[in-house]
Amino acid sequence: MSAPLVRRRPLGASDLDVSPICLGGNVFGWTADLDASFAVLDRFLELGGNFVDTANVYSAWVPGNQGGESETIIGRWVAERGVRDRVVIATKVGMGSGKFDKGLSRDRIRRGVEESLARLQLDAIDLYYAHEDDPATPLSETMAAFDELVREGLVRAVGSSNYTADRLRAALDVSAADGVVAFSVHEPHFNLLDRDGYEGPLEQLCRERGLGVTPYFALARGFLSGKYRPDQPLPASGRAAGVERDYMNPRGWGMLETLDRIAAGHGVSQSQVSIAWLLHRPGITAPIVSATSPAQVSELADAAAVVLSDQDIAALDAAGAR
C-alpha cells in the first residue's frame, strides 16, 4: 500500500517529527460521527500520517454539543487502536466557546490540560497550543504556566495560534528573558486566498526564530477544492454560508480558474494543488486539512507528492494577490 505521508519533517525546535500533512479534527463530532471519524483516522494512519490536530472547544458550535467532542473521539480511537506511539496529538486551550472560558491564565491553562488529557485518554499531550492571544493575562504568567506543564511531563511542546507578529515576538522574548519554555510552533490562518494575516512580519518572524508552521483552513473551508462554482447551488455544507460571503467573488473565481488549469496540467485535483502550494512555501511544516471520508484522506495525502513548477507557483501567487 502506498504511504505518501510516511516521510517526516521536524516540527520547529520541538523534538517532534511529523508527517507533511496534519489531519484536522474539527470535523469530528460535527460533520463526521464516531464511525466516520474512526475511518478517517484509520486511513490517515495507513497512509503514513501521524499528526492529528484538535482543540478543547471542537465542536462547541454544533447544536447540542458543548465542546470536547473531537478530543473524546480521538482519545477513543487512540486507545482502541493502541496507536499512542505512532501519533503526534496536538490540542489547544484559551478560546472561549461552549462550556470553555476564554483566556490563558495559569488556572485556565492548568484546568484545560487536565480536562484535555482526560478526554484524550493520554498521559501527555505532544503539542499544546495557545488557541488565541489573551491580552488580559501577562505573557509571563501564560508562558510560566506552559513551562510548568512541560517540566511536569504533561506536555512535550507548546505552540501559538492566532497571534499577531508583535504579540508572538513579545511572547518569545518573555520566554527567553524568564528562562521558560517558548512557543516552537505557530498555527496561522493561511491559504491561497487568506494571506494577509501571515505574509509579511509574522512569516518573517516564524522563519527567523525557527518556528514550525502549521496553517489551518488550508483549503479555505473547502472553496479551494473546486466544489463551489459560479451560478451553481451551494454544496450542502455547514461552511457554505461563510464560503459564499468570503470567497465567492471575482478574486475567488479567478483563483479557481488558475487551479483548474494547473491541476489539469498535472493530472491532479484542485485540492492537491492548493496543498502543494503551501508545502512548497519555505517555512511551512504541515498544512492542516480536514476530511470526512477515507477517500478524501487519500486525495489530500497524495498532495504531498505533487511537484509544482516555478511558473505554477508564480501563477498561483498572482491569482491570490489583492
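A few comments on the model shown:
- Complete set of residues in segment 120-131 that are at negative phi and either without any contact (Cβ under 8 Å) to a residue 24 or more places away in the chain or open to solvent by 40 Å² or more (accessible area, probe 1.4 Å) (or both): D123
- Of all residues in segment 271-285, one or more are open to solvent by 50 Å² or more (accessible area, probe 1.4 Å) and either in contact with a Lys or Arg (Cβ under 9 Å, 6 or more places away or on another chain) or under 26 Å from A32 (Cα atoms) (or both).
- Only one of A60, A79 that is under 20 Å from L117 (Cβ atoms), open to solvent by 10 Å² or more (accessible area, probe 1.4 Å) and touching a strand residue (DSSP E or B) at 6+ places or on another chain (Cβ under 7 Å): A60
- Some residue of segment 232-242 being free of Cβ contacts under 8 Å to residues at least 24 places away in the same chain, open to solvent by less than 30 Å² (accessible area, probe 1.4 Å) and out of contact with any Pro (no Cβ under 6 Å at 6 or more places or on another chain): yes
- Residues that are touching a residue at least 12 places away in the same chain (Cβ under 8 Å), within 18 Å of F51 (Cβ to Cβ) and touching a Lys or Arg at 6+ places or on another chain (Cβ under 9 Å) do not occur anywhere in segment 94-113.
Residues are listed down the side, and each one gets a yes or a no for (1) closer than 24 Å to V273 by Cβ; (2) of a type in the set (F, W, Y); (3) part of a loop (DSSP other than H, G, I, E, B):
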position: L192; (1), (2), (3): yes, no, yes
position: E199; (1), (2), (3): yes, no, yes
position: Q204; (1), (2), (3): no, no, no
position: R207; (1), (2), (3): yes, no, no
position: A218; (1), (2), (3): yes, no, yes
position: L224; (1), (2), (3): yes, no, no
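- Within segment 97-116, restricting attention to residues that are at pLDDT below 95 and within 17 Å of E69 (Cβ to Cβ), the residue that is least open to solvent (accessible area, probe 1.4 Å) is F100.
- Residue ID - nearest to the chain's Cα centre (by Cα), chosen from residues in segment 10-47 that are crowded, with 22+ Cβ neighbours inside 10 Å and hydroxyl-bearing (S, T, Y): S19
- Scanning segment 16-51 for residues that are in contact with a Phe, Trp or Tyr (Cβ under 6 Å, 6 or more places away or on another chain), touching a residue at least 60 places away in the same chain (Cβ under 8 Å), within 15 Å of Q296 (Cβ to Cβ) and aliphatic (A, V, I, L, M) turns up just one, L23.
- Any hit, segment 61-80, residues being closer than 19 Å to A124 by Cβ, in contact with a Phe, Trp or Tyr (Cβ under 7 Å, 6 or more places away or on another chain) and in contact (Cβ under 8 Å) with a residue 60 or more places away in the chain: no
- Just one of the listed residues (S175, S140) is open to solvent by 40 Å² or more (accessible area, probe 1.4 Å), among the hydroxyl-bearing types (S, T, Y) and in a helix (DSSP H, G or I), namely S140.
- Filtered residues of segment 1-34 (kept if among the small types (G, A, S) and not in a loop (DSSP other than H, G, I, E, B)): G24, A32
- Only one of P188, P215 that is open to solvent by less than 40 Å² (accessible area, probe 1.4 Å), touching a residue at least 60 places away in the same chain (Cβ under 8 Å) and in contact with an Asp or Glu (Cβ under 9 Å, 6 or more places away or on another chain): P215
- Listed conditions (1) open to solvent by 20 Å² or more (accessible area, probe 1.4 Å); (2) in contact with a Leu (Cβ under 9 Å, 6 or more places away or on another chain); (3) within 15 Å of D312 (Cβ to Cβ) are all met by S298, apart from (3).
The values are calculated or read from the model by the stated rules, or taken from the named source; none is laboratory data. The model shown is predicted, which means the values in this text are computed figures rather than measured ones. Every residue, glycine as well, gets a Cβ built from its backbone with ideal geometry; the counts of neighbours run over all protein chains shown. In case anyone asks, the SASA skips ligands and DNA or RNA and just uses the protein heavy atoms, side chains included. Shrake-Rupley method; radii C 1.70, N 1.55, O 1.52, S 1.80 Å.
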